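Data block below; observations after.
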Amino acid sequence: MTAAWLPEAFANAVLEWFAHFGRKNLPWQLEPTPYRVWVSEVMLQQTQVAVVIPYFERFMGRFPSVSALAKAEPDEVLQLWAGLGYYARARNLHRAARVVIDQHGGMLPQELELLMALPGIGRSTAGAILSLAGGQAHAILDGNVKRVLARCFAIAGWPGASRVQKRLWVLADDLLAAANRVGSTQMQPGRLSAAGAYNQGMMDLGATVCTRTAPDCDPCPLSRHCLALGTDSVRRYPESKPRRPLPRRATRWLLVQDSDGRILLEQRPPTGLWGGLWTLPEVALQESSADWCAQHLGQAANRVEKLANRRHSFSHFQLDIHPERLAIAALADRVGEDDARLWMALESASKMAIPAPVKALLLELLAADL
Ligand code: SF4
């Protein structure tokens, strides 16, 4: 039978494990300013550390400070984000940087509520910034921490449900307070406070030991009291989101090329799906792509080739993409061009701020043309 945890014992186990096995040399940990921690936390949402590192380095190389980010054009921010997905994160980061310059004198606020009032900063991200960069005692509750707590304390229900989320926050706050009590008399690694070391330890445990698909319970510092392990029900926690089939949408994407092989790109409106990114012209399935060319470019398509269909999954729907490659006879310098539509050489187009499925299509075309 598994004995119940005392919060202090739990916190101590995490702090000790972190001192020996936690990650201490990630790029944002080496110089943990509020700005760097903020950018890293936003990039790490739904994305693994190994994927984030090169994006973080490039982003910091170009935007080393809040003011550099605030001064940038939205297009350039999106370009550095292209491939990371969830582009609302980049747009919010950029908007928040401008608010920090306009309303907070260029410094990220040091109060939880003020941080949470910035676009794209929720309670967990604010807690991470304040604890990892400022040493303050605020809890975090990202996906990794939710999973560890749900298993250790056998918390039923999907962690995204508000009732479950409330319970997890109460637990996270209690444990953080305990970590602050037991850890503040100990030396913590790096320049971290007890709260920072505990929070980083919880994130690292979830990311490296109590992983989603292959939890490694033997060396886990929490195994002695883990309720899920003690009742042989690790796979039960955390519970998945109740499944509803995702709605499907379909669209036709047009890869229009001029006689020089240049491709036509269109920029999306700043908000909404793939807001601000460059994509391909699209038409409804029942509409004719040749008509689109005549209407928007004043040119007839002299070749239309259907390419293999593909599907792209968003969190809330699936998009069936029916791509078509069209050739127009003219050299299309400026034909149909305006602020939101331009012709580009294929290789340059593939390096623009474009969503992953557009990039995949352009790279296929490039490979086919070699
Ligand atoms: S004992 Fe296993 S299930 Fe429990 S927290 Fe550790 S790794 Fe996760």
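Only the coordinates and a few stated rules stand behind these numbers; no lab work does. From a predicted model like this one, the values you see are computed outputs, not experimental measurements. Positions of Cβ are generated from backbone atoms using ideal geometry, with glycine treated the same way; all protein chains shown enter the neighbour counts.
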What is the packing order of peptides 360-369, 10-19, taking the mean over residues of other C-beta atoms within 10 Å and listing the highest first?
-> 10-19, 360-369
Rounded to the angstrom and largest first, Cα extents along the principal axes for the range 1-50 equal 43, 23, 20
Projected-area mean, the range 248-369, by convex hull of Cα positions, square nanometres | 7.2
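Just the C-alpha atoms of the range 47-100: what Rg/Rh do they give, with Rh taken as the Kirkwood radius? Mind showing how you got there, number by number?
Values: Rg = 10.6 Å, Rh = 11.3 Å.
Rounded to two decimals, Rg/Rh equals 0.94.
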In Å, what is the Rg of the alpha-carbon atoms in the range 183-237, and how long is Dmax?
-> 13.3, 38
Tell me, what does the Kirkwood hydrodynamic radius of the range 210-300 come to in angstroms if you use every pair of distinct C-alpha atoms?
-> 18.5
Please determine, in degrees from 0 to 90 and to the nearest 10, the orientation of helix 194-208 with respect to the longest principal axis defined by the Cα atoms of the chain, where the helix direction is its Cα long axis.
-> 60
Counting lysine pairs in the chain that sit 8 or more positions apart or on different chains, with Cα atoms under 23 Å apart, gives 7
Once the chain is represented by equal point scatterers at the alpha-carbon sites, with solvent omitted, what log10 I(q)/I(0) does the Debye formula produce at q = 0.08, 0.09, 0.11, 0.12 Å⁻¹?
-> -0.52, -0.63, -0.86, -0.96
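What net charge is computed for the residues neighbouring residue 70, neighbours being all others with C-beta under 10 Å from the C-beta of residue 70, Lys and Arg scored +1, Asp and Glu -1?
Numbers: positive: 71, 95, 98; negative: 102.
Residues close to residue 70 contribute a combined charge of +2.
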In the neighborhood of residue 61, defined by Cβ-to-Cβ distances under 15 Å, what is the net charge if each Lys or Arg adds +1 and each Asp or Glu adds -1?
-> 0
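List the equivalent ellipsoid semi-axes of the range 259-305 in whole Å, largest first, each obtained as the square root of 5λ for an eigenvalue λ of the Cα gyration tensor. Don't skip to the answer; put the middle values down first.
On the way: eigenvalues 100, 39, 16 Å².
Here the semi-axes work out to 22, 14, 9 Å.
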Decide, for the range 92-154, between rounded, prolate and oblate: order the square roots of the alpha carbon gyration tensor eigenvalues as a ≥ b ≥ c, take rounded if a/c falls under 1.5, and otherwise choose prolate if a/b is larger than b/c, else oblate.
-> prolate
In percent, how large is the relative contact order of the range 44-182, given Cα pairs closer than 8 Å and 6 or more residues apart?
-> 14
Treating the angle as unsigned and between 0 and 90°, give the value, to the nearest 10°, between the Cα long axis of helix 88-103 and the longest Cα principal axis of the chain.
-> 70
Considering only the chain, percent of DSSP beta bridges that pair antiparallel, nearest 5 | 65
What whole number of Å gives the distance from the Cα centroid of the range 241-314 to the Cα centroid of the range 19-72?
-> 34
Acute angle (nearest 10 degrees) that the helix 49-62 long axis makes with the longest principal axis of the chain, alpha-carbon atoms | 70
In a Debye calculation with equal point scatterers on the alpha-carbon sites of the range 162-269 and no solvent, what is log10 I(q)/I(0) at q = 0.13 Å⁻¹?
-> -0.72
